[in-house]
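A short write-up of the structure that comes next.
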């Protein structure tokens, strides 16, 4: 598949943050650092993880690995923490943060040799926190819905829909091209896809398309929604109710 990638520069490996602002466990410790990051994810200490990443850029790569965790809630927390951590890194070293985004984009492609299935969500979380700095990545994330190979969409589609919804109004200038595809996903056989399509449409201001589908209000298909650091089990009908104003589900 053809993917667009913005031009970025390599970070300067000599750049070192103020060590007084970095906690002791941010030092390089090999595999131990990954264990410590997971322990922080278990208690949803996102801000502390962001501080760790400021001290060692290696934390960003380890958070990418932790999106594969056997516990889906840990994987989602790793996505959230990666957004906060990369945003914190961007404040000191925008080039390093941009390089990480480029790496995530590369990890969506089969040529990378190691696909990161949660890369779209991670990219969206990062960009949503720094939409001006990473404005050039907004259309890249949104158009993953069209540019991802069909054989890969079976796995990527729910995450891409979530990513589009996470960008929300920040993607307003680019989302028009993919709205028909999101609306079409309301009829998908997988309830997770239907639920994420509803969620995305509500977040981008297209809830009218949801309201027009009466059947969604009675759709009991199972959906997982990450919010408040927890992975919540709900239904398409409940996501629909919230999208239509009965309590908006947030990222």
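Here, each number is a calculation from the coordinates, and none is a lab measurement. As the structure is a prediction and not an experimental result, all values here were calculated from the model. In this analysis, Cβ positions are derived from the backbone assuming ideal geometry, glycine residues included, and neighbour counts consider all displayed protein chains.
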statement: Note on segment 155-251: contact order normalised by length, alpha-carbon pairs under 8 Å, 6 or more apart, percent, works out to 26 percent
query: Between residue 214 and residue 155, what is the spin-label point distance in nm, taking each point 7 Å from the Cα along the Cα→C-beta axis?
result: 4.0 nm
statement: The Cα radius of gyration of segment 155-251, divided by 2.2 N^0.38 Å with N its residue count, comes to 0.95
message: As a test of the definition: which semi-axes, in Å, follow for segment 66-138 when you take the square root of five times each eigenvalue of its alpha carbon gyration tensor? Largest first, please.
response: 20, 15, 10
- request: Report the calculated FRET efficiency for residue 133 and residue 47 (r = Cβ-Cβ distance, R0 = 22 Å), to the nearest 0.05.
  value: 0.70
message: Could you list 41, 33 so that the one with the fewest beta carbons within 10 Å of its beta carbon is first and the one with the most is last?
response: 33, 41
- prompt: If you stretched the chain out fully between residue 92 and residue 189, how much longer would it get, using 0.36 nm times the residue separation minus the C-alpha to C-alpha distance?
  reply: 30.5 nm
task: Note the full-extension length gain between residue 227 and residue 35 as 0.36 nm times their separation in residues minus their Cα-Cα distance, in nm to one decimal.
output: 66.8 nm
query: PRE reach from residue 68 (point 7 Å along Cα→Cβ): which of segment 142-156 fall under 11 Å by backbone N?
result: none
field: Residues 140, 49, 164, sorted so that the one with the fewest Cβ neighbours within 10 Å comes first
entry: 140, 49, 164
query: Can you sort 217, 70 so the residue with the fewest Cβ neighbours within 10 Å comes first?
result: 70, 217
